[in-house]
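Scroll down for the structure; my scribbles are underneath it.
A short reminder: the numbers here are calculations on the coordinates, not readings from a lab. Owing to the predicted nature of the structure, the values given are computational and were not obtained by experimental measurement. Virtual Cβ from ideal backbone geometry, glycine too; neighbours counted across all protein chains shown.
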Amino acid sequence: MSRLLIEGGARLNGKVNISGFKNAAVAIIPATLLSGDKCIVDNLPLIRDVFILKDIMKDLGAEIELNDDGVMTVDTSMIKKCNASSELSQKLRASYYLLGAGLARFKEVEVAYPGGCNIGNRPIDQHIKGFEALGAKVEIEHGIIRAKADKLTGAKIYLDIVSVGATINIMLAAVMAEGKTIIENAAKEPHIVDVANFLNSMGADIRGAGTDIIKINGVKELHGCTYSVIPDQIEAGTYMIAAAATKGDVVIDNVIPKHLEPVTAKLRELGVEVVEYGDSIRVTGTDKIKSANIKTLPYPGFPTDLQQPMTVLLTQAEGTSIVTESIFEGRFKYVDELKRMGAKIKVEGRTAVVEGPKQLSSAKVMATDLRAGAAFVIAGLISDGVTEIGNIYHVDRGYEKIEYKLMNLGAKIKRIEE
């Protein structure tokens with residue numbers, strides 16, 4: 001089990017290059033199944049979730065290679081059925097995208113009930129609702145999800161809640177359905193647009209991605225393509241927050257500034273200087289951080305995946321800040337560990353009250369999930385002494401070479417392998 005040791009006190013300075021978007025990559029890789037052909041996907045992040053999906057696709061029968069530059073070549077023509085009920089599929093939530101892709105191509109699919117971070121209730125009822133509206137029968141027993149259809153027919157589907165996963169999964173299932181599918185109250189996140197663009201590159205006919213109404217005209221077949229994944233706005237936001245927390249001066253390169261507008265706006269509200277360029281953002285910290293209130297919302301609101309890192313930054317703000325988590329009710333589990341580092345935070349339900357500024361002190365902490373791990377890294381960077389973070393495999397699920405990128409910015413950080 002790996003650990004990270006971080007000696008706090010260094011101001012981050014320099015340039016960091018952002019990897020491809022994890023949340024897009026983990027949907028695009030299963031989506032290659034739809035082509036029954038050869039796809040080349042580049043700008044993939046070299047992270048644990050991508051490695052697991054690569055192994056799952058290989059187990060299904062794909063010929064698949066991933067090089068050190070993040071370029072994946074995958075040929076799914078030899079796959080004859082989609083049965084992903086192994087333990088690998090239970091290791092990450094994104095394995096459920098094989099449901100939509102497998103159902104569309106083979107009309108029958110089995111996938112182990114998905115795993116992922118324990119951040120609260122994450123039902124898949126909206127996914128199932130969509131599959132059933134298209135004509136599939138779905139059963140869940142003994143930890144296995146089975147979906148089967150004689151044929152898939154386009155339908156009008158209204159999502160009861162805005163769900164990124166359900167929006168993408170229904171798109172995957174509907175691309176080769178007979179007729180037109182309309183998804184209403186669809187999620188609008190940038191990676192939904194990216195997945196739709198990837199599918200269209202394979203010959204799909206999807207319109208409206210990025211709005212709350214997505215229209216899909218079913219096509220008879222898809223083909224292979226070459227595609228590049230968009231930059232990871234959550235990784236970028238994490239480094240923006242880290243720069244602000246350490247009072248540093250960092251250029252975050254290979255980003256789409258528009259995707260980061262909710263983070264940029266909030267950092268400016270805190271008194272942090274943020275300058276946008278064509279494909280980069282410069283963040284310069286301030287000695288006096290202002291307090292602010294934050295509420296997580298679906299895109300284009302403030303992203304829930306950056307709530308934990310931002311809360312660490314708010315411990316350095318003067319006065320009282322209020323953080324409201326409206327997406328996942330279990331996303332404050334990390335606060336107890338942060339309190340051990342000296343943070344003054346009171347949690348009541350979905351709201352955390354943060355008092356600052358508080359000098360954080362080093363401690364041994366355990367990452368409770370992916371983004372909590374990133375929050376502890378930032379906490380370690382601004383604490384006195386050496387902070388030890390365990391369960392780093394959570395961080396490795398979503399951040400490529402985090403210790404190397406931070407070292408290049410001047411952080412005193414090292415990984416201990418056991």
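Worth a mention:
- Exceeding the 29 Å Cα-Cα cut-off - candidates K80/K137; K80/K401; K81/K137: K80/K401
- Under Karplus coefficients 6.51, -1.76 and 1.60, residue-wise ³J(HN,Hα) of region 203-215 in Hz, glycine/proline x: x, 6, 10, 10, 10, x, 4, x, 10, 8, 10, 10, 10
- FRET efficiency, S201 to N17 (Cβ-Cβ, R0 35 Å, nearest 0.05): 0.90
- Label-point gap, in nm, between M366 and Y277 - each point 7 angstrom along Cα→Cβ: 4.3 nm
- Sequence-separation-based contact order of region 24-228, relative, with Cα cut under 8 Å and 6+ spacing, percent: 21 percent
- Estimated FRET transfer efficiency when R0 is 45 angstrom, pair L5-E87 (beta carbons, to 0.05): 0.90
- In this label model, E139 and K412 are separated by 6.1 nm, measuring between points 7 Å along each Cα→Cβ vector.
- Rounded to the nearest 20 debye, the dipole magnitude of region 24-228 is 480 debye, with +1 charges on Lys and Arg beta carbons, -1 on Asp and Glu beta carbons, and the Cα centre as origin.
- Each peptide in 194-202, 24-32, 69-77 receives the mean, over its residues, of other Cβ atoms within 10 Å, and ordering these scores from highest gives 24-32, 194-202, 69-77.
- Per-residue [θ]222 nm for the chain (sum of -39500 (n - 2.57) over DSSP H runs n ≥ 4, rounded to 500): -8500 deg cm²/dmol
- Dipole-positive endmost among I214, A112, T304 within the chain (Cβ charges, Cα centre): T304
- Magnitude of the charge dipole for region 238-301, about its Cα centre and with charges confined to Cβ atoms of Lys, Arg (+1) and Asp, Glu (-1), is about 300 debye.
- K258 paired with D59, simple spin-label distance in nm, labels 7 Å along Cα-to-beta-carbon: 3.9 nm
- Phi angles of region 298-304 translate, via the Karplus equation with coefficients 6.51, -1.76, 1.60 and θ = phi - 60°, into HN-Hα couplings of x, 4, x, x, 5, x, 4 Hz per residue; Gly and Pro are given as x.
- Shape call, region 285-418: gyration tensor on alpha carbons, a/c limit 1.5: prolate
- When you restrict to C-alpha pairs under 8 Å that are six or more residues apart and normalise by the size of the chain, the relative contact order lands at 22 percent.
- Evaluating 6.51 cos²θ - 1.76 cosθ + 1.60 at θ = phi - 60° for every residue in region 126-138, the Karplus couplings come out as 6, 4, 4, 4, x, 4, 5, 5, 7, x, 8, 9, 10 Hz, glycine and proline recorded as x.
- Based on C-alpha pairs under 8 angstrom that are at least 6 apart in sequence, region 82-166 has a relative contact order of 29 percent.
- If R0 equals 51 Å, the separation of the Cβ atoms of V353 and I182 corresponds to a calculated FRET efficiency of about 0.75.
- Principal axis dimensions, region 24-228 - Cα atoms, whole angstrom, descending: 42, 36, 33
- Radius 15 Å from Cβ of I345, net charge of other residues (Lys, Arg +1; Asp, Glu -1): +3
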